[in-house]
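Everything below concerns the one structure shown next.
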Amino acid sequence: MPERQLHLGYMHWLNGTHWGGWRHPDAPTAQAFELDYAVKALRTVEDAKFDFFFLGDTLPGDIAEEQWITTHNTGRLEPFTLASQLALASSKIGLVVTAHPTFYEPYILARLTASLDHLSGGRLAWNVVLGASDLAARNFSLPDLGGAGRYERADEFIHVVQRLWDSIEEGAYLQDKKTGHYVDDTLVHRLEWKGRHFQVAGTLPLERPPQGHIPLLYAGASELSRELTAKWADINFTGPATPEDSIAFNTDVRQRAERLRGRVDPIFFLPGITPLIGDTRAAAVELYEELNALLPFDDDIVEGDQDESYWSGPQWARINGSRSPLPKGVRSVRSLSERIGVDLRPLGIDGIVKPDRAEQFNAYGRRLLTALAERTDRTVAGGGVRVRDLLGASIAGNFPLVTGTAAQVADTLIDWFDRGAAEGFNVSTPFLWEQLERFTGEVVPILQERGVYRSEYTSDTFRGHFGLDTPPNSFATTGREERSA
């Protein structure tokens, strides 16, 4: 086996990541609040030797609206609680919990993560998220915390958490019955931290986590996100459109990391992907189009459900400026037309887009055409692009979709890996369970046969899976005279 190995994580969403996937006839009715449902997914990917099982989390403020977008957000268990149970149901796979620094205090988060790292035998990782939501913030007596302030707070937050993990050095718990010393006072440290956002006086009341510092994951490609990844993260996952985009992003972040850390540390880039697997390429494309037909559209799919003034208002301006998938309420030919800069309403939902019209598309529209060709082989030149195809592509999936046979999916992953565009992938599935089982049962064996992916675990910690060293204790590396006992 070559030294460089591809890494795989699984992003567990109850219904998969395609917004129409839960309605597919083969999809189960998700048992969001039953442990066995999550355990089934966990064991499926641990049997396939995945590096980690990822518990994403958001704090939605309007569950009624979320049902039309990401149904996973409308009902899911708190990630630390679930991870504690999953640790008991597994033995090797890493467990990623998601926590937003804005809605925690460093002391609480440090204690939660250190405790779970001990209880899992060193298999925990922390996914740092910094999304801003007015409705979610108001659940915490806070305003919408958008803007750069979130990142400044997170920077201090992470630093304090890592110091708390270090606050009791190895060997501190003497438990000496003869002398009566339970701890070695010289190895116990108080932070006495007084920063801009936090004041933390004390010590974490447990041994340093088995991994020293719990590994950090982060997603995001903005300027501030790149800086945060470069300074703190061990793993980054985003959704670049092409290998070239991914290589450029990875190179930029690594250069920033060397500047911010003053050394060259390993950072692993695992782009998010959603494979759609069929017995043939045509069968996979057919499945993709079946899923798109299950998306909730506007009642008036051509003209849309909004009045004329909406399209010049601030709400549409925010949606149009984000370039995120079209949300419920603006899923129509009208909204698609506004986004691509060309009016497609005269064609209707089943009209064919001709080359002269496609030439007028803006950059977003051209990206849709590229994505559609990659997913379905439909092209304007070939006369196969319908308006409904473009509308579906503008809604379906935040992560890049890889459509084809198991061998074609494996070829795509290996191509990205061999070109240095990715060290691995954070895999999601469009719906459960069939597509997850096809990936683990068909794609993973191909990766193993090609020699780029492990057949057995060689470590039983998260850091071990990635070959990450345990960082030194910041108190132990400080001169004895500078320590605070």
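The values are calculated or read from the model by the stated rules, or taken from the named source; none is laboratory data. Since this is a predicted model, take the numbers as computed values, not measurements. Please note: Cβ atoms are built from the backbone with ideal geometry, for glycine as well, and neighbour counts cover all protein chains shown. Surface accessibility is based on the protein's heavy atoms, side chains included, excluding ligands, DNA and RNA. Shrake-Rupley method; radii C 1.70, N 1.55, O 1.52, S 1.80 Å.
Here are the numbers:
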quantity: Angle between the chain longest axis and helix 35-47 axis [Cα atoms, degrees, rounded to 10]; calculated: 90
quantity: Dipole of the range 339-485, positive direction: furthest Cα of Y453, L413, L344, with charges on the beta-carbon; calculated: L344
quantity: Viscosity 0.692 mPa s, temperature 37 °C, Stokes-Einstein D of the chain from Kirkwood C-alpha radius, µm²/s; calculated: 136
quantity: Probe 1.4 Å - accessible area at V387, Å² to nearest ten; calculated: 0
quantity: Euclidean distance of C-alpha centroids, the range 262-301 and the range 30-48, integer Å; calculated: 21
quantity: Amide hydrogen neighbours beyond the local backbone of L124, cut-off 5 Å, H modeled; calculated: L95, F462
quantity: Accessible area expressed per residue, the chain, with surrounding protein chains retained (probe 1.4 Å, Å²); calculated: 44
quantity: The range 271-353, dipole about Cα centre (Lys/Arg Cβ +1, Asp/Glu Cβ -1), debye to the nearest 20; calculated: 480
quantity: Sequence of E289, E65, E169 from largest to smallest accessible area, 1.4 Å probe; calculated: E65, E289, E169
quantity: Portion, in percent, of the accessible area of the chain that falls on carbon or sulfur, probe 1.4 Å; calculated: 50
quantity: The chain: angle of helix 223-232 to the longest principal axis, Cα-based, in degrees nearest 10; calculated: 30
quantity: Share antiparallel - DSSP beta bridges, the chain, percent rounded to 5; calculated: 15
quantity: Eligible aspartates and glutamates near K354 by straight Cα distance, threshold 17 Å, same-chain separation 8 or greater; calculated: D343, D377, D389
quantity: Options T179, G404, A221, ranked by Cα towards positive dipole end of the chain, top entry (Cβ charges); calculated: T179
quantity: Lys, Arg +1 and Asp, Glu -1 on Cβ, resulting dipole of the range 33-138 about Cα centre, debye, nearest 20; calculated: 380
quantity: Degrees, to the nearest 10: 281-293 long Cα axis against longest axis of the chain; calculated: 90
quantity: Mean residue ellipticity (222 nm) of the chain, computed from DSSP H runs ≥ 4 via -39,500 (n - 2.57), nearest 500; calculated: -10500 deg cm²/dmol
quantity: In Hz, Karplus ³J(HN,Hα) per residue of the range 435-445 (6.51, -1.76, 1.60; θ = phi - 60°; x = Gly, Pro); calculated: 6, 5, 5, 5, 5, 5, x, 10, 6, 4, x
quantity: In order through the range 147-156: 3J(HN,Hα) via Karplus (6.51 cos²θ - 1.76 cosθ + 1.60), integer Hz, x for Gly, Pro; calculated: x, 5, x, 4, 6, 4, 4, 4, 4, 5
quantity: Fraction of the pair-distance distribution of the range 73-173 above 19 Å, Cα-Cα pairs, percent; calculated: 50
quantity: Accessible surface of W232 - all protein chains present, 1.4 Å probe, nearest 10 Å²; calculated: 40
quantity: Table column - 3J(HN,Hα) (Hz), the range 257-274, Karplus curve with 6.51, -1.76, 1.60, x for Gly and Pro; calculated: 4, 5, 5, 6, 9, x, 7, 9, 9, x, 10, 9, 10, 10, x, x, 9, 10
